[in-house]
1. When you go through Ala49, Ala33 one by one, which is the residue that is modelled with pLDDT of 95 or more and either closer than 23 Å to Ala105 by Cα or in a loop (DSSP other than H, G, I, E, B) (or both)?
2. Examine the range 74-82 for a residue that is surrounded by 12 or more Cβ atoms within 10 Å (Cβ to Cβ) and among the basic types (Lys, Arg), and state whether such a residue exists.
3. Take the residues in the range 95-108 that are open to solvent by 40 Å² or more (accessible area, probe 1.4 Å) and not polar (S, T, N, Q), then tell me which one is farthest from Gly65 (Cα to Cα).
4. Is at least one residue of the range 69-86 among the small types (Gly, Ala, Ser), assigned to a helix (DSSP H, G or I) and over 15 Å from Gly111 (Cβ atoms)?
5. Which one is nearest to Leu80 (Cα to Cα), of the residues in the range 59-70 that are at pLDDT 95 or above and open to solvent by 20 Å² or more (accessible area, probe 1.4 Å)?
6. So which residues in the range 93-120 are on the phi < 0 side of the Ramachandran plot and in a helix (DSSP H, G or I), if there are any at all?
Amino acid sequence: QVQLVESGGGLVQPGGSLRLSCKASGSIFSIYAMGWYRQAPGKQRELVADIGSGDSTNYADSVKGRFTLSRDNAKNTMYLQMNTLKPADTAVYYCNAETAGPQGATLNYWGQGTQVTVSS
């Protein structure tokens with residue numbers, strides 16, 4: 001069992017910055033990948049960025065050069081530094097963790113989400 005809690009969302013003006021945090025607890029050593037997803041009104045949930053056990057990162061084209069994903073293993077926390085925010089970044093941002101479940105299945109855990117609103 002893994003629990004994920006996001007924080008750091010809020011209202012910011014275009015061009016501003018926010019840093020999101022995702023604190024993991026529970027069976028954290030079963031996690032082999034983590035990532036940030038977002039879902040805007042009327043749109044499907046999409047991957048923003050993810051990171052593997054080897055610290056390799058992957059970013060959506062829409063956020064490359066603006067967002068940076070990192071993690072602090074000692075604090076069991078993943079971060080998403082978001083710079084030069086645009087109104088199109090407005091969405092609920094979710095933390096995700098993937099674990100290896102029984103029979104080779106992948107178990108996905110999700111946080112409750114944190115709202116990011118970019119507006120003047």
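The values are calculated or read from the model by the stated rules, or taken from the named source; none is laboratory data. Since this is a predicted model, take the numbers as computed values, not measurements. Cβ sites come from the backbone with ideal geometry, for glycine too, and all protein chains shown count toward neighbours. To get the accessible areas, we keep the full protein, side chains included, count just its heavy atoms, and leave off ligands, DNA and RNA. Shrake-Rupley method; radii C 1.70, N 1.55, O 1.52, S 1.80 Å.
1. Details: Ala33 fails: modelled with pLDDT of 95 or more.
Answer to the selection: Ala49.
2. The answer is no; no qualifying residue exists.
3. Pro102
4. yes
5. If we take residues in the range 59-70 being at pLDDT 95 or above and open to solvent by 20 Å² or more (accessible area, probe 1.4 Å), then Thr68 is nearest to Leu80 (Cα to Cα).
6. First, the residues of the range 93-120 that are on the phi < 0 side of the Ramachandran plot: 93-102, 105-112, 114-120.
Selection gives Pro102 alone.
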